[in-house]
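Right, one structure below, let's go through it.
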Amino acid sequence: MRALVVLALLAVLVLAATSYESHESMESHEYLNPFLNRRRASDFIQSDSRLRGITQERMRERSKAHYEHQRELCEDYYPCEMYAFRHGYPAAYKHYFGGRRRTK
């Protein structure tokens, strides 16, 4: 009989130790509502501003204006760049790259 009481007491202690829920586990309140709404789901993730800047720069490179491509082409050719300093990039591009091609 004594062994049965000790065994029952031991079983109650094991049950109490394994089923105890600490205060830290109740702080999150996940047991009430385990799902988050869409806005709160990504609040804890901070986006990297450098990556955002690189992405925006890549998008700007793809969508450059026509005159910007012409200016870069003219800047790569030294005589066109010198002509552009005096007459402007549109005139220089037209002089060196516009119209019919010159052959020498």
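The values are calculated or read from the model by the stated rules, or taken from the named source; none is laboratory data. Keep in mind the model is a prediction, meaning the values are calculated, not measured. With ideal geometry, Cβ positions are generated from the backbone for all residues, glycine too; neighbour counts draw on all protein chains shown.
A few comments on the model shown:
- Counting the residues of segment 1-31 that are at pLDDT below 65, surrounded by fewer than 10 Cβ atoms within 10 Å (Cβ to Cβ) and part of a loop (DSSP other than H, G, I, E, B) gives 4.
- Odd one out for Lys64 among (1) surrounded by fewer than 10 Cβ atoms within 10 Å (Cβ to Cβ); (2) charged (D, E, K, R); (3) modelled with pLDDT of 70 or more: (1)
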